[in-house]
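Report on one structure; see the data block that follows.
The values are calculated or read from the model by the stated rules, or taken from the named source; none is laboratory data. As the structure is a computational prediction, the values presented were derived from the model and not from experiment. Please note: Cβ atoms are built from the backbone with ideal geometry, for glycine as well, and neighbour counts cover all protein chains shown. With ligands, DNA and RNA removed, areas are computed over all heavy atoms of the protein, side chains included. Shrake-Rupley method; radii C 1.70, N 1.55, O 1.52, S 1.80 Å.
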Amino acid sequence: MARVISDACVSCGTCEGECPVGAISQGDGQYVVDADTCIDCGACEAACPTGAISEA
Ligand code: SF4
Ligand code: SF4
């Protein structure tokens, strides 16, 4: 499983720097998680100021 980012994302970029495996990148209009790379550690979810990241 992988974390997913909802449309509550305000593209602050905080999560990208928290991800230990580089699974998060800036997508079209919001940040996105590469599900194949994500190891589901939860670091991004804890760091997101808008609660946009959750378990898929
Ligand atoms: S930390 Fe949250 S609001 Fe910021 S870019 Fe990541 S998902 Fe979007
Ligand atoms: S759950 Fe962990 S591995 Fe997956 S995107 Fe978030 S910080 Fe990266």
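Here are the numbers for the structure shown:
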read-out: Solvent-accessible area, 1.4 Å probe, carbon plus sulfur percent, for the stretch 3-55; value: 44 percent
read-out: Heavy-atom accessible area per residue - the chain, 1.4 Å, Å²; value: 58 Å²
read-out: Three-way shape label, the stretch 1-42, alpha-carbon gyration tensor, a/c 1.5; value: prolate
read-out: Partnerless Cys - the chain, beta-carbon criterion under 4.7 Å; value: C9, C12, C19, C38, C41, C48
read-out: Positive minus negative residues near C41 (Lys, Arg vs Asp, Glu; Cβ under 12 Å); value: -3
read-out: Cβ-based net charge around V21, under 14 Å, with every Lys or Arg adding one and every Asp or Glu removing one; value: -4
